[in-house]
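K.L.:
Mind looking over this structure? Questions follow.
The values are calculated or read from the model by the stated rules, or taken from the named source; none is laboratory data. Because the structure is a prediction, the values reported are computed rather than measured. We place every Cβ from the backbone using ideal geometry, glycine too, and count neighbours over all the protein chains shown.
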Amino acid sequence: MVSRTIPPLHIHPDVTLLSERRVWDGRFPLDEIRFRHRRFDSALSGERVWELWGRGRAAAVLPYDPEADAVVLMEQFRLPALAAGLDPVLVEVPAGLCDAGEAVEITATRETQEEIGLAVDRLERIGDFLLTPGGSDELAALFVGRVTAPAADAEGIAGHAGLAAEHEDIRARVWPASRAIETALAGGFPNSVTSLALLWLASRRDWLRAHWSQS
């Protein structure tokens, strides 16, 4: 695998960088950072050592059909979920890392097409979220995207997709928005980005449908 290019740490007046050492240089590099930072009492901290997993910029999309009032969610195998003691098949929204120099909006539309075979004709930005602030720099731009929900069977399954070159095995399922939101509110989706998107939709769904109907 090709190592990703990770920019250096940003300069900050309250952070003193003592050393930076790459301890793993795979697809996602791991750096050992030694530093001091300004404490809340204005003193400098003692020397701290953190491992920083470099993943970089990402984007994710909740595909929503305002006419059908339905969302399209995907299911795929995740090894870290198994390591955490969870069912390894997670319910997720299309998401991926940005290519070098790629705008997050382009990543969002590309991943929706690649992972569930749907085109997004409009994006509404929800916000930027640091997914693992204790160890990784991955910052995800989260959107809700306007789509037309595909036909689905009695169980809501709308087909299978994913990039064969990456051995992706993805199942797309159409959910009534109300049922997906209820599941998120009940803590039924351990994937944080999926829950964030659905909880945002729960509070903004009427506004979003009216907003999109004007264009």
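K.L.:
Going by the structure shown, is THR112 surrounded by 14 or more Cβ atoms within 10 Å (Cβ to Cβ), polar (S, T, N, Q) and touching a Cys at 6+ places or on another chain (Cβ under 9 Å)?
P.N.:
The answer is no for THR112.
K.L.:
While we're on this one: So which of ARG179, ARG204, ARG209, ARG171 is in the same structural domain as GLU114 (by TED's automatic domain parsing), in contact with an Asp or Glu (Cβ under 7 Å, 6 or more places away or on another chain) and either closer than 15 Å to VAL93 by Cα or in a helix (DSSP H, G or I) (or both)?
P.N.:
Going through ARG179, ARG204, ARG209, ARG171 in turn, just one is in the same structural domain as GLU114 (by TED's automatic domain parsing), in contact with an Asp or Glu (Cβ under 7 Å, 6 or more places away or on another chain) and either closer than 15 Å to VAL93 by Cα or in a helix (DSSP H, G or I) (or both): ARG171.
K.L.:
While we're looking at this one, here's another question. Looking only at residues that are charged (D, E, K, R) and closer than 24 Å to SER203 by Cβ in region 130-189, which one is surrounded by the fewest Cβ atoms within 10 Å (Cβ to Cβ)?
P.N.:
Per the stated criteria, the residue is ARG179.
K.L.:
Hey, another quick one. Can you give me the ranges of the strands (runs of 3 or more DSSP E) entirely in region 1-115 with at least 1 residues that are among the acidic types (Asp, Glu), in contact with a Ser or Thr (Cβ under 7 Å, 6 or more places away or on another chain) and more than 17 Å from SER192 (Cβ to Cβ)?
P.N.:
In region 1-115, 57-65 are the strands (runs of 3 or more DSSP E) which contain 1 or more residues that are among the acidic types (Asp, Glu), in contact with a Ser or Thr (Cβ under 7 Å, 6 or more places away or on another chain) and more than 17 Å from SER192 (Cβ to Cβ).
K.L.:
Also, I was wondering about something else. For GLU92, which of the numbered conditions (1) out of contact with any helix residue (DSSP H, G or I) (no Cβ under 7 Å at 6 or more places or on another chain); (2) among the charged types (D, E, K, R); (3) surrounded by 18 or more Cβ atoms within 10 Å (Cβ to Cβ) fails to hold?
P.N.:
Going through the list (1) out of contact with any helix residue (DSSP H, G or I) (no Cβ under 7 Å at 6 or more places or on another chain); (2) among the charged types (D, E, K, R); (3) surrounded by 18 or more Cβ atoms within 10 Å (Cβ to Cβ), GLU92 breaks only (1).
K.L.:
Is it the case that PRO150 is within 13 Å of VAL72 (Cα to Cα) and either part of a loop (DSSP other than H, G, I, E, B) or at pLDDT below 95 (or both)?
P.N.:
yes
K.L.:
Hey, can you tell me all the residues within region 113-142 that are closer than 15 Å to ALA58 by Cα, β-branched (Val, Ile, Thr) and either in contact with an Asp or Glu (Cβ under 8 Å, 6 or more places away or on another chain) or modelled with pLDDT under 95 (or both)?
P.N.:
THR132
K.L.:
Given the conditions (1) in contact (Cβ under 8 Å) with a residue 12 or more places away in the chain; (2) more than 30 Å from TRP50 (Cβ to Cβ); (3) surrounded by fewer than 17 Cβ atoms within 10 Å (Cβ to Cβ), and given that SER192 satisfies all but one, which numbered condition is not satisfied?
P.N.:
(2)
K.L.:
Right, here's the next one. From the list ALA100, ALA108, which one is in contact with a strand residue (DSSP E or B) (Cβ under 7 Å, 6 or more places away or on another chain), assigned by TED's automatic domain parsing to the domain that holds LEU208, of a type in the set (Gly, Ala, Ser) and under 21 Å from LEU130 (Cβ atoms)?
P.N.:
ALA108
K.L.:
How about region 153-168: which of its residues are assigned to a loop (DSSP other than H, G, I, E, B) and within 21 Å of the chain's Cα centre (by Cα)?
P.N.:
Within region 153-168, GLY162, LEU163, HIS167, GLU168 qualify.
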